[in-house]
Amino acid sequence: MTRQDIYYEIRDYVNITLGLLLYTFGFTVFLLPYEIVTGGVSGIGAIVFYATGFPVQYTFFIINAALIVAALRVLGWKFLTKTIYATFALTFFLEVAQDIVRQPDGSFYRLLGDGNDFMSLIIGCMLTGTALAIVFMNNGSTGGSDIVAAMVNKYHNISLGKALIMVDLCIIGSCLFIDTFGPFDLRCKKVVFGLCTMVVECLMLDYVMFWQRQSVQFLIFSKKYQEIAFAITQATDHTLTILDGHGWYTGRPTKVICLLAKKSESPHIFRIVKSIDPNAFVSQSAVIGVYGEGFDPIKVNVKKKVK
């Protein structure tokens, strides 16, 4: 393992830890005190806690341990090593955070006060959705339904948010059959709130991940196209294509650089172009998706050719 690989691994673990801390904050401060049901293993833990008082973190740990063993062959050690770390870390964070927000009478402190259940739901799910995206973008997982979603996403072109929705529907719907939640109308309210948490959290997850992975296309017109092309390939490790063009007004042939890159790389590419040719003409446009080497893999099933 090179020094750069070690740096990337350390960076992943640091970012995963930050994501777990954000998830813990959103869950224990905004969702747990208002008895809001969520999806995933955390949601199962919350349902068990509301019904029996059994600690959330212990249910979370037991279920994740079973899922990790089941998913080891599909996802591999590299993915699951970080998942195991996230499982232990989140179990610890949840236990500490609950002790902090717990009041002397055993109830949890409600930061937004009584009667603000829905506002707490919105804020909490925005935080937990962002936290899940941070963990996923750094090659990790919080375990539970995230493992199931990652397994689906590995072989099918289904976004992580949609995969989580399919898994979480069953978890949230189970509230209708638990008598300890009170009368049927109160159970229906919990299910409705749970569906809202699922939508907000998954939309936030997809939004953050799409924003991070969004790609753009550059068309660069410059007489110094060779210098610009060399500088871009050296600085970004991206390949590019030189297109033949013809100027309508000048009637002269020209060369056009066509480049696909991540949106986050745009300022760097603009700086390279401007430093070489301040008079260059640059067109930047957003693209729906870029698939292939260096970008997202193509996840479709191809039928075998019949001889």
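The values are calculated or read from the model by the stated rules, or taken from the named source; none is laboratory data. Quantities reported herein were computed from a predicted structural model and do not represent experimental measurements. Virtual Cβ from ideal backbone geometry, glycine too; neighbours counted across all protein chains shown. Surface areas here come from the heavy atoms of the whole protein model, side chains and all, with no ligands, DNA or RNA. Shrake-Rupley method; radii C 1.70, N 1.55, O 1.52, S 1.80 Å.
May I ask you to verify whether Ala71 is on the phi < 0 side of the Ramachandran plot, in contact with a helix residue (DSSP H, G or I) (Cβ under 6 Å, 6 or more places away or on another chain) and crowded, with 16+ Cβ neighbours inside 10 Å? So Ala71 fits the description; yes.
Residue-wise test of (1) at pLDDT below 80; (2) not polar (S, T, N, Q).
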| residue | (1), (2) |
| --- | --- |
| Leu160 | yes, yes |
| Gly173 | no, yes |
| Ile178 | yes, yes |
| Phe184 | no, yes |
| Gly194 | no, yes |
| Gln212 | yes, no |
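Looking only at residues of the stretch 263-277 that are exposed (fewer than 15 other Cβ atoms within 10 Å of the Cβ) and among the charged types (D, E, K, R), we find that the one that is farthest from Val216 (Cα to Cα) is Lys274.
Among the residues of the stretch 10-48, just one is surrounded by 16 or more Cβ atoms within 10 Å (Cβ to Cβ) and without any contact (Cβ under 8 Å) to a residue 12 or more places away in the chain, namely Val48.
When the stretch 251-262 is limited to residues that are open to solvent by less than 90 Å² (accessible area, probe 1.4 Å) and not aliphatic (A, V, I, L, M), the one that is nearest to Ile220 (Cα to Cα) turns out to be Cys258.
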